[in-house]
Amino acid sequence: MLFALALNSCKKDVKTLDTGVQPVTVINAPSNDTSITIAPTTGTSVVFKWAPSSTASTGLVLYEVVFDKAGGDFSKPVYKVVSDGSGVQAQATITQKTLNTIANAAGIAALSSGTLKWAVATSKVTTNQVSTVSHTLQVTRPAGFATVPNTIYLTGSATEQGTDVSKAIAFKKISDGVFELYTSLQPGTYKLIDNTSGTPTTYSINGPAIVLNGETTVTGSKTVYRISLDFGNAAVTITQIVSVNMFLAIDNKIWFTLPYVGNSQWELDGAAVVIPQESWGDESRYKYEFIVKDAANNQSTEWYGSANPDNPDPTTSTPLSYFYMYSLPASSGTFDNCFKMVPSYSGKNCNINVNFSPSITQYTNSVTLQ
């Protein structure tokens with residue numbers, strides 16, 4: 001009897017793990033059949049909201065928004081997004097960039113409209129339940145690619161580095177999906193690639209559009225361009241750089257014209273610098289005039305100068321950031337945002353360089369003694 005009592009006293013209460021979960025039964029937003037024109041780079045995020053599962057009051061549950069094609073039953077959703085707060089909140093904030101990816105996964109082509117179906121999956125331990133209700137979204141996709149490259153390179157016989165992919169020229173990344181490159185093109189062909197090793201994705205330029213695969217043919221003489229790419233809108237703008245000129249503010253005229261020397265740079269050796277003398281002293285304020293042409297051969301002027309409205313005379317130890325180049329508004333005054341030369345350079349031969357290489361942090365210029 002004593003043994004039985006001792007054995008009974010050693011028993012512990014064993015509770016069964018509750019893996020049951022109740023599905024979401026109320027979806028609040030976006031309302032059913034909402035229409036969205038997707039703008040991946042500028043559109044505001046869309047907040048998906050629902051009433052919590054009744055199981056949430058008895059323990060932790062996790063949520064995912066699940067997407068399917070219009071006729072899908074969510075048994076094989078095309079995309080899933082974990083809710084806010086690492087899955088614990090009864091809402092999910094989804095960017096329009098992600099919505100564009102989801103629409104692409106559902107088979108909705110660029111520049112097309114279609115229907116997405118969405119519901120909420122609730123899970124606890126190993127049990128998962130899809131909501132008893134679902135909503136649809138009517139979405140219209142832009143022209144751009146659903147997934148934009150993080151890097152992009154230029155290669156081909158028409159480029160400065162030829163067809164060796166390992167030497168392909170990198171574009172400068174301006175923002176997500178947006179790139180630019182100052183370079184020359186000669187007769188031949190070129191293409192865009194997103195990697196210089198492995199099996200890269202290939203793009204080409206077809207008029208004002210970026211398309212998958214293919215290559216672009218160049219004819220005519222060797223010419224310098226700014227190639228601007230926007231993968232979010234599958235758009236390209238090619239601008240001819242006719243000339244790059246150092247502009248002397250006090251005389252309101254071109255001081256020196258810099259020839260293009262390759263590698264996104266313009267450079268003049270042996271520039272005989274004579275700094276004008278005014279009643280107040282040396283007057284070396286300068287900035288840069290870019291003469292450009294668009295695809296329709298319309299010519300215009302772009303100005304580049306300092307980030308500062310006014311600057312002191314530099315010295316040989318002035319930080320390189322003093323010479324960083326920034327695009328200036330057309331309304332900028334003649335003497336606004338100018339650089340200055342080291343006063344002791346007057347009467348000497350100098351090297352003048354404008355560097356728009358994609359590898360440097362900020363486009364820049366330099367004036368150095370030869």
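Just so it is clear, none of the values below were taken in a lab; they were calculated from the coordinates. Predicted, not measured: the structure shown is a model, and the values here were computed from it. Don't worry about glycine lacking a Cβ; one is built from the backbone with ideal geometry, like all the others, and counts go over all protein chains shown.
Compute the Cα gyration tensor for the range 217-370, then decide on rounded, prolate or oblate, letting a ≥ b ≥ c be the square roots of its eigenvalues: rounded whenever a/c is under 1.5, prolate when a/b is larger than b/c in the other cases, and oblate in all that remain. The partial results should precede the final answer.
On the way: a/c = 1.89, a/b = 1.76, b/c = 1.07.
Prolate.
So, in nm, how far is label Ala109 from label Asp251 when the simple model puts each one 7 Å beyond its Cα toward the Cβ?
Distance between label points: 5.9 nm.
Would you mind computing, in nm to one decimal, how far apart the modelled labels at Asn206 and Gln186 are, each placed 7 Å from Cα along Cα→Cβ?
For the pair Asn206/Gln186, the computed spacing is 2.9 nm.
Short version: ³J(HN,Hα) in whole Hz for each residue of the range 271-279, in order, from phi by Karplus 6.51 cos²θ - 1.76 cosθ + 1.60 (θ = phi - 60°), x for Gly and Pro, what are they?
Per residue, the Karplus-derived 3J(HN,Hα) values read 6, 7, 8, 10, 7, x, 9, 10, 4 Hz.
How many angstrom separate the Cα center of the range 303-328 from the Cα center of the range 75-136?
Using only Cα atoms, the two centres lie 50 Å from each other.
Suppose each label sits 7 Å from its Cα in the direction of the beta carbon; what would the Ala235-Ala330 distance come out to in nanometres?
1.8 nm
Given 37 °C and 0.692 mPa s, how large is the Stokes-Einstein diffusion coefficient of the range 153-233 in µm²/s, with Rh as the Kirkwood radius over Cα pairs? Let's see the in-between values first.
Values: Rh = 12.7 Å.
My calculation gives 258 µm²/s for D.
Would you mind checking which residues have amide H under 5 Å from Thr189's amide H? H placed 1.01 Å from N; only 5 or more apart, or other chain.
Ser157, Ala158, Val218
Under a point-charge model restricted to the Cβ atoms of Lys and Arg (+1) and Asp and Glu (-1), what is the dipole moment magnitude of the chain relative to its Cα centre, in debye to the nearest 20?
Values: 23 positive and 26 negative charges, 272 e Å.
My answer is approximately 1300 debye.
Could you tell me how many degrees, from 0 to 90 and to the nearest 10, lie between the Cα long axis of helix 96-105 and the main elongation axis, the longest principal axis, of the Cα atoms of the chain?
Approximately 70 degrees, to the nearest 10.
Under 17 Å Cα-Cα from Lys253, which lysines qualify once same-chain neighbours fewer than 8 residues away are excluded?
Lys287, Lys340
Eigenvalues of the Cα gyration tensor times 5, then square-rooted: what semi-axes does that give for the range 27-140, in whole angstrom, largest first? Intermediate values should be presented prior to the final figure.
On the way: eigenvalues 121, 42, 27 Å².
The three semi-axes for the range 27-140 are 25, 15, 12 Å.
If each Cα of the chain is one equal point scatterer, what is log10 of I(q)/I(0) from the Debye formula at q = 0.11 Å⁻¹?
Reported log10 I(q)/I(0), two decimals: -0.88.
Please enumerate, by chain and number, the lysines with C-alpha under 20 Å from the C-alpha of Lys173, excluding those fewer than 8 residues away in the same chain.
Hits, sequence-local ones excluded: Lys97, Lys191.
Tell me what the chain gives for mean residue ellipticity at 222 nm when only DSSP H runs of n ≥ 4 count, each as -39,500 (n - 2.57), the sum divided by the residue total, rounded to 500 deg cm²/dmol.
Working: 2 runs with 18 residues, N = 370.
Only helices count here, giving -1500 deg cm²/dmol.
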